[in-house]
Every structure is written in structure tokens, then in C-alpha cells.
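Enquirer: Have a look at this one before I ask anything.
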Amino acid sequence: MTVDSSMSSGYCSLDEELEDCFFTAKTTFFRNVQSKQPSKNVCKAVEETQHPPTLQEIKQKIDSYNSREKHCLGMKLSEDGTYTGFIKVHLKLRRPVTVPAGIRPQSIYDAIKEVNPAATTDKRTSFYLPLDAIKQLHISSTTTVSEVIQGLLKKFMVVDNPQKFALFKRIHKDGQVLFQKLSIADCPLHLRLLAGPDTDVLSFVLKENETGEVEWDAFSIPELQNFLTILEKEEQDKIQQVQKKYNKFRQKLEEALRESQGKPG
């Protein structure tokens with residue numbers, strides 16, 4: 001999988017994609033298949049066996065997709081039935097991320113040689129990623145959501161646990177914008193192919209993994225201390241905002257009282 005950065009205004013060129021390679025589209029990690037045994041006391045309806053699409057069916061879908069793609073970012077079919085193409089991921093992170101402190105950005109040499117600059121220092125710092133930024137990824141049909149998340153974190157040298165993040169698909173339905181969390185085993189490029197190239201129909205968004213309960217064990221001691229610092233700063237900012245608001249009210253009330261006292265009874 002290759003990655004390049006672009007703001008929300010458009011795509012980057014294919015030349016920039018090739019220069020910013022750090023994860024090949026053919027690479028696949030964590031291909032764990034868990035077998036699920038049906039319960040003996042549960043009766044299931046007989047379901048039709050869904051056969052995988054043939055090579056010709058996949059080719060027809062890709063040809064249809066490429067005929068509607070207007071940015072020269074079509075998909076390419078391989079002889080083994082897999083295919084490669086591009087997706088865009090919108091970054092919607094509301095919390096700061098943790099990165100190594102005091103090291104240079106990852107170079108092309110580091111990316112190709114799989115050198116991890118984050119491993120060269122134990123110092124950490126936190127900062128907010130820009131909202132509404134977009135990363136364009138070149139991936140394979142076998143690339144999973146888990147691999148996409150890990151690739152994005154590696155690009156930004158984020159050392160946070162990948163389980164803290166989740167990939168969502170954003171769709172428009174009945175005039176509403178809906179978000180659905182994807183499974184880590186889902187393949188985004190397959191979803192892109194089925195939906196077509198129109199990002200108004202389907203787009204991908206990286207957000208915090210909101211599980212309902214915070215898994216504090218997933219955080220390191222420095223991260224927890226940094227969160228406390230951030231919370232204290234936010235608390236002080238909120239206190240100052242409230243004080244400023246009521247100080248204005250007090251000033252207006254005092255002015256009104258002075259004006260009323262100055263008028264002849």
C-alpha cells in the first residue's frame with residue numbers, strides 16, 4: 001500500500017504515489033481465519049451458497065468502474081483475480097496522537113527499506129492531526145481495514161495502539177450522512193469497487209475507536225500522564241470562558257444599575 005497526502009480539495013498525482021511507497025499492495029498481514037462452530041441447539045435456515053465471482057465478472061465490474069473514474073485513478077486486474085486501486089481516507093481525529101519527539105520525518109529511503117524512525121528514540125510528544133485532511137492510498141483487493149489503519153499510523157509515525165482507531169464508511173441515504181464502523185477484516189477496495197468511484201456515494205473516514213468504555217490498559221504511563229495534562233488545560237480554558245462570560249454579565253448589570261440610579265425618581 002502506498003500513501004500520499006492531499007488536502008480535501010483533490011487528488012495527488014500518480015508520480016507522487018510511486019515516490020511515497022512504504023507498503024506494497026501485494027502485502028497482506030494478520031490473515032487469521034477463525035472458524036465458528038454453530039450451536040447444537042440452534043436451527044439455522046438453509047442459505048444459498050454464494051460462489052465467489054469469476055475472473056470475467058470481476059473484469060466487467062472493474063471495466064465499469066474505470067469508465068466512470070474521472071481522475072485517472074482506475075483499478076487494475078491481475079491474472080490471479082486480485083486487483084489494485086486507490087481509496088481516499090478522511091482524517092477525523094478529535095484527540096491528539098502520540099509520535100516520537102525530536103526525529104526527522106520518514107524519508108523515501110526509510111519507507112522502502114522499512115526503517116522505523118520511531119524505534120530510534122523513547123521520547124514521545126503529542127499533537128493534533130489537521131481535521132479534514134485526506135490520505136490517498138494505493139492498495140490491493142486483499143488489503144484489510146486493519147492493514148489500512150496500520151499503514152496510516154506508520155506514515156504519520158504514530159506510536160499509539162492501532163486498536164485505538166477505527167475505519168468507518170460514510171454513506172448518504174435519504175438526505176442523511178450515515179457512518180458505519182468497518183470490521184478489521186473488511187477489504188476497503190472491494191467496497192470501493194461495489195460502490196463505484198463517486199465519493200458522495202461512499203467514502204472512508206478514520207476516527208477514534210469509540211467502544212463505549214475506555215480501555216485504559218491499552219495506554220502507556222506517559223500517554224496517561226499526557227492525557228491528564230491535556231484535561232487540566234481544557235479545564236482551565238473552560239473555567240476562563242465561563243468567568244469571562246459572567247464578568248460581561250456583571251458589567252452589563254452594574255451599568256444598568258448605575259444608569260437607573262442616575263435617573264431622577
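The values are calculated or read from the model by the stated rules, or taken from the named source; none is laboratory data. Note that the structure is a prediction, hence the values are computed from the model and not measured. Reconstructed Cβ throughout: ideal geometry from the backbone, glycine too, with neighbour counts over all protein chains shown. SASA here: full protein model, heavy atoms, side chains in, ligands and nucleic acids out. Shrake-Rupley method; radii C 1.70, N 1.55, O 1.52, S 1.80 Å.
Enquirer: Does Leu131 satisfy being surrounded by 17 or more Cβ atoms within 10 Å (Cβ to Cβ), modelled with pLDDT under 90 and in a loop (DSSP other than H, G, I, E, B)?
Expert: no
Enquirer: Quick check: anything in segment 232-239 within 30 Å of Leu191 (Cα to Cα), modelled with pLDDT under 90 and open to solvent by 80 Å² or more (accessible area, probe 1.4 Å)? Before you say what the answer is, go through the steps one by one.
Expert: Of segment 232-239, the ones within 30 Å of Leu191 (Cα to Cα) are none.
There is no residue in segment 232-239 that is within 30 Å of Leu191 (Cα to Cα), modelled with pLDDT under 90 and open to solvent by 80 Å² or more (accessible area, probe 1.4 Å).
Enquirer: Here's something else I'd like to know. Based on what the data block shows, is Arg68 at pLDDT 65 or above and either open to solvent by 60 Å² or more (accessible area, probe 1.4 Å) or within 29 Å of Val201 (Cβ to Cβ) (or both)? Explain how you work it out, then say what you get.
Expert: Details: at pLDDT 65 or above: yes; either open to solvent by 60 Å² or more (accessible area, probe 1.4 Å) or within 29 Å of Val201 (Cβ to Cβ) (or both): yes.
So Arg68 fits the description; yes.
Enquirer: Would you point out which residue out of Leu228, Leu253, Leu257, Leu206 is at pLDDT 85 or above and outside any helix (DSSP H, G or I)?
Expert: On the way: Leu228 fails: outside any helix (DSSP H, G or I); Leu253 fails: outside any helix (DSSP H, G or I); Leu257 fails: outside any helix (DSSP H, G or I).
It is Leu206.
Enquirer: Out of segment 161-180, which residues are in contact (Cβ under 8 Å) with a residue 12 or more places away in the chain and in a strand (DSSP E or B)?
Expert: First pass over segment 161-180, keeping only residues in contact (Cβ under 8 Å) with a residue 12 or more places away in the chain: 161-172, 179-180.
Scanning segment 161-180 gives Phe165, Ala166, Leu167, Phe168, Lys169, Arg170, Ile171, His172, Phe179, Gln180.
Enquirer: Please verify whether Glu223 is of a type outside the set (Val, Ile, Thr), at pLDDT below 80 and in contact with a Ser or Thr (Cβ under 8 Å, 6 or more places away or on another chain), treating the condition exactly as stated.
Expert: Yes.
Enquirer: A further question on this structure: Cβ-Cβ below 6 Å, separation at least six or inter-chain, first residue in segment 233-249 and under 20 Å from Phe127 (Cα atoms), second among the aliphatic types (A, V, I, L, M) and in a helix (DSSP H, G or I): which pairs?
Expert: From segment 233-249, no pairs qualify.
Enquirer: OK, next. Could you tell me whether Ser183 is modelled with pLDDT of 90 or more, outside any strand (DSSP E or B) and not acidic (Asp, Glu)?
Expert: Working: modelled with pLDDT of 90 or more: yes; outside any strand (DSSP E or B): yes; not acidic (Asp, Glu): yes.
Here the answer is yes, as Ser183 does meet what is asked.
Enquirer: Return yes when Leu193 is in contact with a Phe, Trp or Tyr (Cβ under 8 Å, 6 or more places away or on another chain), in a helix (DSSP H, G or I), crowded, with 17+ Cβ neighbours inside 10 Å and without any contact (Cβ under 8 Å) to a residue 60 or more places away in the chain and no when it is not. Steps first, answer last, please.
Expert: Working: in contact with a Phe, Trp or Tyr (Cβ under 8 Å, 6 or more places away or on another chain): yes; in a helix (DSSP H, G or I): yes; crowded, with 17+ Cβ neighbours inside 10 Å: yes; without any contact (Cβ under 8 Å) to a residue 60 or more places away in the chain: no.
Criteria not met by Leu193.
Enquirer: If we keep just the residues of segment 72-97 that are of a type in the set (Val, Ile, Thr) and over 15 Å from the mean Cα position of the chain (by Cα), which is farthest from Phe179 (Cα to Cα)? Explain how you work it out, then say what you get.
Expert: Step one: of segment 72-97, the residues of a type in the set (Val, Ile, Thr) are 82, 84, 87, 89, 97.
From what is left, the residues that are over 15 Å from the mean Cα position of the chain (by Cα) are 82, 84.
Working: Thr82: 27, Thr84: 25 Å.
Checking each candidate, the answer is Thr82.
Enquirer: Now for a different question. If you scan segment 71-98, which residues turn out to be among the basic types (Lys, Arg) and open to solvent by 80 Å² or more (accessible area, probe 1.4 Å)?
Expert: Our first condition is that a residue be among the basic types (Lys, Arg); within segment 71-98, this holds for 76, 88, 92, 94-95.
Result: Lys76, Arg94, Arg95.
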